[in-house]
Amino acid sequence: MFGLSGKTVLISGAGGGIGRTMVETFREAGAQVVAIDRDPALLAGLDLAGTILCDQADAGATRAAVSAWLADHGAPDAVVANAGFTRAEHFGHLDDAVWAAEIAINLNGAYALTDPVIAAMAARGRGSVVFISSVNALVHFGNPAYSAAKAGLIAYAKAIAVERGAEGVRANVVCPGSVRTPAWDHRLEADPTLLDNVLPHYPLGRMVSPQEVANAALFFCSDAASGITGTVLPVDAGLTAGNLRFVDEVLRGK
Ligand SMILES: NC(=O)c1ccc[n+]([C@@H]2O[C@H](COP(=O)([O-])OP(=O)(O)OC[C@H]3O[C@@H](n4cnc5c(N)ncnc54)[C@H](O)[C@@H]3O)[C@@H](O)[C@H]2O)c1
């Protein structure tokens, strides 16, 4: 039930830290994987059935590239919208242009990517859509524009679940906590000890791994999740379950 034998899955951001692990995990589960990313060099070494190259910041180009692939191959069984980007860590880094750019990549681009896929899935009568959002969509941890976009993905997934359910399309959201991927490189270059400050916030005492995020996405795409749609699953080592530092510092007196 957890396998994807004979299934075709599109994965965006496939060349990134979580994306590469997701490609390998879906391959091990038997899927044919088509990678979507902006730079073919990022996809080197992956076992792929195809690639779609586009800059997700450009909604028109993204929709055109995905639509061209669909015209040749038909609807895939699943799509994982995983590409994401942020550099504006707090309000001090934001202006209108930066806000628009982070919404463009993380929300508008994800819509442009998935909308034609969902239409093809609905026409065929089945399909699974997974969005890799973030804990930032649920509770504020910085990166305001990115967080607004990631919260938008949750509303979008619920709209798909409700309006496309009768056509056999499921949509679910994975909200990772901090994951050590290249997305953290710029922060760790500025402060190599930064992760020491991150870990005390996590009830499990560690960050989650790319594999743990990939496992959740695989579950949603598999028949094991056939009755599940419109849901939001944190994969966050307990971060959004409560405030560990409050318990430690206020109640335990540590
Ligand atoms: N790493 C974390 O701590 C963390 C936490 C929560 C959520 N996430 C989310 O998980 C997803 C994967 O993140 P990651 O940690 O693997 O990051 P990453 O930087 O390693 O990979 C991001 C991927 O997205 C692609 N991408 C970025 N901008 C793009 C654009 N304009 N057009 C096309 N592709 C583009 C990159 O090329 C790359 O392949 C993202 O959506 C991210 O927001 C990550």
Which whole number in µm²/s is D for the range 108-254 by Stokes-Einstein, with the Kirkwood Rh taken over Cα pairs at 10 °C and 1.306 mPa s?
-> 95
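How high is the relative contact order of the range 14-130? Use alpha-carbon pairs under 8 Å, at least six apart in sequence, and give a whole percent. Working shown, then result.
Details: 148 pairs, mean separation 30.7, N = 117.
Taking the mean separation of contacting Cα pairs over the length of the range 14-130, I get 26 percent.
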Just the Cα atoms of the range 1-123: what Rg and Dmax do they give in Å?
-> 15.0, 48
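Can you tell me the relative contact order of the range 74-141? Whole percent, Cα pairs under 8 Å, sequence separation 6 or more. The partial results should precede the final answer.
Values: 51 pairs, mean separation 37.4, N = 68.
Taking the mean separation of contacting Cα pairs over the length of the range 74-141, I get 55 percent.
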Nearest-20 debye value, the range 1-68 charge dipole, Cβ charges on Lys, Arg, Asp, Glu | 160
Average Cα contact separation per residue, the chain, under 8 Å, 6 or more apart, as relative contact order % | 20
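For the chain, what is the mean residue ellipticity at 222 nm derived from helices alone (per DSSP H run of n ≥ 4: -39500 (n - 2.57); sum divided by total residues; nearest 500 deg cm²/dmol)?
Numbers: 8 runs with 95 residues, N = 254.
Rounded to the nearest 500, the figure is -11500 deg cm²/dmol.
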Any idea which of GLY127, ALA101, SER147 is furthest toward the positive side of the dipole for the range 69-160, if Lys and Arg beta-carbons carry +1 and Asp and Glu beta-carbons -1?
-> GLY127
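Which shape class, rounded, prolate or oblate, goes with the range 182-254 when its Cα gyration tensor gives a ≥ b ≥ c as root eigenvalues, a/c under 1.5 marks rounded, and past that a/b bigger than b/c marks prolate? Please list the in-between numbers first.
Working: a/c = 3.53, a/b = 1.48, b/c = 2.39.
Cα axes put the range 182-254 in the oblate bin.
I'm a student and want to see the number: the projected area of the Cα convex hull of the chain, averaged over all directions, in nm². Could you put the intermediate results ahead of the total?
Numbers: hull surface 57.0 nm².
Its Cα hull, projected and averaged over all orientations, spans 14.2 nm².
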Which whole-angstrom value gives the distance between the alpha carbon centres of the range 182-216 and the range 5-41?
-> 22
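Any idea what the dipole of the range 110-254 comes to, in debye rounded to 20, about its Cα centre with Lys/Arg Cβ at +1 and Asp/Glu Cβ at -1? Don't skip to the answer; put the middle values down first.
Numbers: 12 positive and 12 negative charges, 57 e Å.
Computed about the Cα centre, the dipole is about 280 debye.
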Quote the charge dipole size of the chain about the Cα centre in Debye, to the nearest 20; the model charges only the Cβ of Lys and Arg (+1) and of Asp and Glu (-1).
-> 600
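None of the figures in this text is laboratory data; all of them are computed from the coordinates on show. What you see is a predicted model, and the numbers here were worked out from it, not measured in a lab. Don't worry about glycine lacking a Cβ; one is built from the backbone with ideal geometry, like all the others, and counts go over all protein chains shown.
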